[in-house]
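**Q** Starting off with a structure, shown below.
Just so it is clear, none of the values below were taken in a lab; they were calculated from the coordinates. Quick caveat, the model's predicted, so the values are computed rather than measured. Cβ sites come from the backbone with ideal geometry, for glycine too, and all protein chains shown count toward neighbours.
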């Protein structure tokens, strides 16, 4: 899962891999004009809700966090922070073990 990515919570079975493009056009509820882009890679254990992953960005990141879940176009609260790789200012990761819940209608 990247330079700092955790292999996962003990016993987790990561059965869903997501690659997520990031740019200002995906900001919700209002898109933001910016040249900054990135890619997130997340692995999810859909049984337990454990999640691990990493993010690579086009700029020197100072802080980053993951929002969601939410329906397309809706804003969501921060789920967890990402930790900056001390050896690479454009790489961030989060250890596994943080759960999620699916949005409901």
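**Q** Suppose the chain between residue 79 and residue 23 were pulled fully straight at 0.36 nm per residue; how much longer would it get relative to their current alpha carbon spacing?
**A** Fully extending the segment from residue 79 to residue 23 adds 18.3 nm.
**Q** So for each of 60-66, 25-31, 50-56 I average, over its residues, the number of other beta carbons within 10 Å; can you give me the resulting order with the highest mean first?
**A** Result, highest mean Cβ count within 10 Å first: 50-56, 60-66, 25-31.
**Q** A further question on this structure: Would you mind calculating the gained length between residue 48 and residue 65 on full extension (0.36 nm times residue separation, minus the Cα-Cα distance), in nm to one decimal?
**A** Extending this stretch completely gives an extra 4.0 nm.
**Q** Remind me, relative contact order of the stretch 16-94 in percent, using alpha carbon pairs under 8 angstrom and six or more residues apart?
**A** 25 percent
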